[in-house]
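Participant: Mind looking over this structure? Questions follow.
The values are calculated or read from the model by the stated rules, or taken from the named source; none is laboratory data. Given the structure is predicted, the values throughout are model-derived calculations rather than measurements. Note that each Cβ is placed from the backbone with ideal geometry, even for glycine, and that neighbours are counted across all protein chains shown. Ligands, DNA and RNA are excluded from the accessible area calculation, which covers all protein heavy atoms including side chains. Shrake-Rupley method; radii C 1.70, N 1.55, O 1.52, S 1.80 Å.
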Amino acid sequence: MATVEVESKFLLSPKQRHALLSLAGTLTSFADIYYDKHDYVLTSKNWWLRRRGGEWELKVDRFGLKGTSTVYEEVAGERAIARWLGFSLNGNSLEHELQVYGYRFLVELITHRRIYRVDDFSITTDSVSADCGAFSYEICEIELLVPEGERELARARIVACARELGLSLVPVRGKLIEYFWRHRKPHFDLLVERGVIDPILRE
């Protein structure tokens with residue numbers, strides 16, 4: 001059975017951020033470079049192709065939005081990603097074949113992340129920037145990695161964890177979606193039209 005990532009996103013008040021800082025956490029920084037075609041063939045079906053620290057990852061939506069949570073299968077490795085995208089590497093790198101098939105750079109997001117472990121939950125707070133600081137955003141995520149058959153239980157556990165932390169269970173734009181909303185509105189509107197983004201997040 002496939003392992004999936006179940007996650008929910010939250011905005012933190014200063015008091016909530018301070019409360020999380022009282023927990024033992026680790027700090028890391030990284031850059032995510034996202035790719036798609038000119039017609040947004042991937043993002044319009046809630047697939048997210050990115051390169052982080054030289055490693056490629058494809059996040060594939062499995063069950064669509066449900067409340068404030070999403071469920072993704074994470075595909076790693078150049079050959080596996082190429083198979084999902086419908087082509088062979090033919091001895092070349094994934095980056096080379098992406099160019100051949102018309103994929104292009106979307107945006108690079110720089111993230112400074114603090115990670116907290118609470119039981120088997122991963123709780124992260126991200127401070128994100130792009131376009132030489134023209135874009136900045138802060139967001140919190142609660143994640144669980146579980147077998148596919150346990151996704152509903154994972155959703156319920158995340159809700160319980162969020163309530164315990166005093167977090168509001170309302171739809172929140174993720175960091176890349178927030179970037180689109182501010183700087184790539186036609187792309188954002190397309191994702192709303194395709195059902196990738198909850199229409200309430202237009203506000």
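Participant: Within region 58-74, can one find any residue that is part of a loop (DSSP other than H, G, I, E, B), over 24 Å from residue 190 (Cβ atoms) and not polar (S, T, N, Q)? Steps first, please.
Facilitator: To start, the set of residues in region 58-74 that are part of a loop (DSSP other than H, G, I, E, B) comprises 62-65, 67-68.
Subsequent filtering for residues that are over 24 Å from residue 190 (Cβ atoms) retains none.
No: zero hits.
Participant: Looking at this structure, is residue 52 surrounded by 13 or more Cβ atoms within 10 Å (Cβ to Cβ), closer than 29 Å to residue 10 by Cβ and within 13 Å of the chain's Cα centre (by Cα)? Reasoning before the result, please.
Facilitator: On the way: surrounded by 13 or more Cβ atoms within 10 Å (Cβ to Cβ): yes; closer than 29 Å to residue 10 by Cβ: yes; within 13 Å of the chain's Cα centre (by Cα): yes.
Yes: the conditions hold for residue 52.
Participant: Does residue 128 satisfy the condition of being of a type in the set (Val, Ile, Thr), open to solvent by 70 Å² or more (accessible area, probe 1.4 Å) and closer than 18 Å to residue 17 by Cβ?
Facilitator: Numbers: of a type in the set (Val, Ile, Thr): yes; open to solvent by 70 Å² or more (accessible area, probe 1.4 Å): no; closer than 18 Å to residue 17 by Cβ: yes.
Answer is no for this residue.
Participant: Assess whether residue 126 counts as being of a type in the set (Asp, Glu), touching a residue at least 40 places away in the same chain (Cβ under 8 Å), closer than 26 Å to residue 28 by Cα and touching a Lys or Arg at 6+ places or on another chain (Cβ under 7 Å). I'd like the intermediate steps shown before the answer.
Facilitator: Details: of a type in the set (Asp, Glu): yes; touching a residue at least 40 places away in the same chain (Cβ under 8 Å): yes; closer than 26 Å to residue 28 by Cα: yes; touching a Lys or Arg at 6+ places or on another chain (Cβ under 7 Å): yes.
The answer is yes for residue 126.
Participant: So which residues in region 125-149 are over 16 Å from residue 71 (Cβ atoms) and part of a strand (DSSP E or B)?
Facilitator: Of all residues in region 125-149, those over 16 Å from residue 71 (Cβ atoms) come to 125-140.
If the condition is that a residue be over 16 Å from residue 71 (Cβ atoms) and part of a strand (DSSP E or B), then 125, 126, 127, 128, 129, 130, 135, 136, 137, 138, 139, 140 are the ones that fit.
Participant: Sort through 122, 168 and tell me the only one that's hydroxyl-bearing (Ser, Thr, Tyr), assigned to a strand (DSSP E or B) and modelled with pLDDT under 95. Break it down stepwise before answering.
Facilitator: Numbers: 168 fails: assigned to a strand (DSSP E or B).
Exactly one residue qualifies, and that residue is 122.
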